[in-house]
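Written below as structure tokens is the structure these notes are about.
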Amino acid sequence: MSLDGKHVLVLTTNYGTEEHELNHPVAVLRDAGAAVTVAALRDEPVLTLLSDRRLGSAYAPDTTLAEATADAYDAVVVPGGTVNADRLRTDADAQRLVSAFAGAGKPVAAICHGPWLLVEAGIVRDRQLTSYPSLRSDLENAGGSWRDREVVVDDSGRHPLITSRRPDDLEAFSAAIVRVLSEDT
């Protein structure tokens with residue numbers, strides 16, 4: 001499936017993103033032909049973590065959350081990492097971006113703790129989704145229907161919603177994003 005001409009925005013903080021939840025979807029999307037932009041809180045290196053405990057690699061962001069707009073992209077991806085997701089969900093620019101993608105009918109994808117941001121953006125009500133198991137109550141309290149599956153693709157609303165549970169689900173998560181974007185051509 002070719003994603004030539006597709007543009008994807010990935011949201012992250014500058015510290016605490018789960019490394020593989022950042023670099024795996026980015027690599028898969030780029031391999032499929034998509035142009036991927038990583039937006040961080042600040043124009044400084046993104047310091048990732050491995051299993052929320054050990055320091056991972058550093059990545060240079062392409063832009064900041066404040067500078068990014070949904071208009072320039074076809075989909076948004078929110079990686080997890082407990083520290084990353086907790087900070088993203090309280091960031092007004094991150095909330096603005098996810099709300100704008102959803103409002104424009106564009107795919108929104110989140111993995112692990114990333115769905116916390118979806119709650120704060122107000123886009124989980126009446127939707128099926130998954131996450132790291134500890135977020136189940138948060139998602140259900142926000143009106144979502146939680147499923148224990150490696151990937152859940154809910155296209156019942158105005159925008160496709162793609163969610164996964166944990167790093168072990170990255171292949172299914174990334175493949176689902178590619179599939180949804182390739183169907184949107």
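The values are calculated or read from the model by the stated rules, or taken from the named source; none is laboratory data. Quick caveat, the model's predicted, so the values are computed rather than measured. A quick note on method: Cβ atoms are made from the backbone with ideal geometry, for glycine too, and the neighbour counts reach across all protein chains shown.
Out of the residues in region 84-99 that are within 14 Å of the chain's Cα centre (by Cα) and small (Gly, Ala, Ser), state the one that is farthest from Glu183 (Cα to Cα).
Once the filter is applied, the top-ranked residue is Ala85.
Table: residues versus (1) free of Cβ contacts under 8 Å to residues at least 60 places away in the same chain; (2) touching a Ser or Thr at 6+ places or on another chain (Cβ under 6 Å).
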| position | (1), (2) |
| --- | --- |
| Gln95 | yes, no |
| Pro107 | no, no |
| Ala110 | yes, yes |
| Thr130 | yes, yes |
| Pro133 | yes, no |
| Asp138 | yes, no |
| Gly157 | yes, no |
| Pro167 | no, no |
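Take the conditions of a type outside the set (Phe, Trp, Tyr), closer than 27 Å to Gly33 by Cα and assigned to a strand (DSSP E or B) and apply them to Val152. Does it pass?
So Val152 passes the test.
Quick check on region 157-165. Is at least one of its residues out of contact with any Pro (no Cβ under 6 Å at 6 or more places or on another chain) and at pLDDT below 95?
Taking every residue of region 157-165 in turn, at least one turns out to be out of contact with any Pro (no Cβ under 6 Å at 6 or more places or on another chain) and at pLDDT below 95.
Quick check: is even one residue across region 37-55 free of Cβ contacts under 8 Å to residues at least 12 places away in the same chain and within 21 Å of Glu183 (Cα to Cα)?
Within region 37-55, not a single residue is free of Cβ contacts under 8 Å to residues at least 12 places away in the same chain and within 21 Å of Glu183 (Cα to Cα).
Is it the case that region 137-147 has a residue that's within 15 Å of the chain's Cα centre (by Cα), part of a loop (DSSP other than H, G, I, E, B) and under 23 Å from His20 (Cβ atoms)?
no
Suppose we keep only residues that are hydroxyl-bearing (Ser, Thr, Tyr) and surrounded by 16 or more Cβ atoms within 10 Å (Cβ to Cβ) within region 80-137. Which one would you say is farthest from Arg165 (Cα to Cα)?
Taking the candidates together, the pick is Ser99.
Would you confirm, using the coordinates I've provided, whether Ser182 is in a helix (DSSP H, G or I), polar (S, T, N, Q) and touching a residue at least 24 places away in the same chain (Cβ under 8 Å)?
Yes: the conditions hold for Ser182.
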